[in-house]
Amino acid sequence: MEEYFDVVDRDDAVVGRATRREVHARGLLHRAVHVLVFNGAGELFLQKRSQSKDTAPGAWDSSASGHVDAGEDYDACARRELREEIGLALARAPARWLRLRACAETGGEFVWVYREESEGPFTLHPDEIERGAWYCPTEIARRLREQPAEFASSFGLIWQELAARGDVPG
């Protein structure tokens, strides 16, 4: 079944609808979410993307992330992605934390970044995620400096923005 996304303008207002394939092929602006799940020790759960993903295969990425479907809002998408990718079902949307404007690093996506706390355990979707692990923020910052190619570009940008705001050790 074909996925449809809302196409948006530079102000993130919906101006149309197109298939995933068309959005990516034509470089149309669209929407996505990233959710960062921390445990009580302050560690962040990162997922290693499946090798079958069409973008950033095998790269480390946010705890859960994905495109906002046509007609869906950011908050509903955050809840859906957490449930689909790591099996975390929430009664409410996680807390909004950071907003990114569409740019090259996000693949033309306007992004809301959410923060959630959970200890897991998680049930990883095998088509989406190769594996996952908990990392302390200083280890993530070090690895991003030393081996940035191991991470999805959007996650690198998110971490950079959060570090610049003083929200994570950078």
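The values are calculated or read from the model by the stated rules, or taken from the named source; none is laboratory data. Remember, it's a predicted structure, so these values are computed and weren't measured experimentally. All Cβ positions, even for glycine, are placed from backbone atoms using ideal geometry, and neighbour counts span all protein chains on display. With ligands, DNA and RNA removed, areas are computed over all heavy atoms of the protein, side chains included. Shrake-Rupley method; radii C 1.70, N 1.55, O 1.52, S 1.80 Å.
Based on this model, can you work out whether L36 counts as part of a loop (DSSP other than H, G, I, E, B) and open to solvent by less than 80 Å² (accessible area, probe 1.4 Å)?
Considered against the rule, which asks whether it is part of a loop (DSSP other than H, G, I, E, B) and open to solvent by less than 80 Å² (accessible area, probe 1.4 Å), L36 comes out as no.
Among (1) out of contact with any strand residue (DSSP E or B) (no Cβ under 6 Å at 6 or more places or on another chain); (2) within 23 Å of E130 (Cβ to Cβ); (3) hydrophobic (A, V, I, L, M, F, W, C), where does A59 come up short?
Status for A59: all satisfied but (1).
Taking the stretch 153-170 as the search range and keeping residues that are within 17 Å of E139 (Cβ to Cβ) and in a loop (DSSP other than H, G, I, E, B), which one is modelled with the lowest pLDDT?
Selected residue: G170.
Go through the residues of the stretch 115-123 one by one and say whether even a single one is surrounded by fewer than 17 Cβ atoms within 10 Å (Cβ to Cβ), in contact (Cβ under 8 Å) with a residue 12 or more places away in the chain and touching a Leu at 6+ places or on another chain (Cβ under 7 Å).
Checked the stretch 115-123: no residue is surrounded by fewer than 17 Cβ atoms within 10 Å (Cβ to Cβ), in contact (Cβ under 8 Å) with a residue 12 or more places away in the chain and touching a Leu at 6+ places or on another chain (Cβ under 7 Å).
Considering only the stretch 87-103, I want to know if a residue exists there that is out of contact with any Pro (no Cβ under 7 Å at 6 or more places or on another chain), at pLDDT 95 or above, closer than 24 Å to P148 by Cα and open to solvent by 80 Å² or more (accessible area, probe 1.4 Å).
Yes, there is a match, as at least one residue in the stretch 87-103 is out of contact with any Pro (no Cβ under 7 Å at 6 or more places or on another chain), at pLDDT 95 or above, closer than 24 Å to P148 by Cα and open to solvent by 80 Å² or more (accessible area, probe 1.4 Å).
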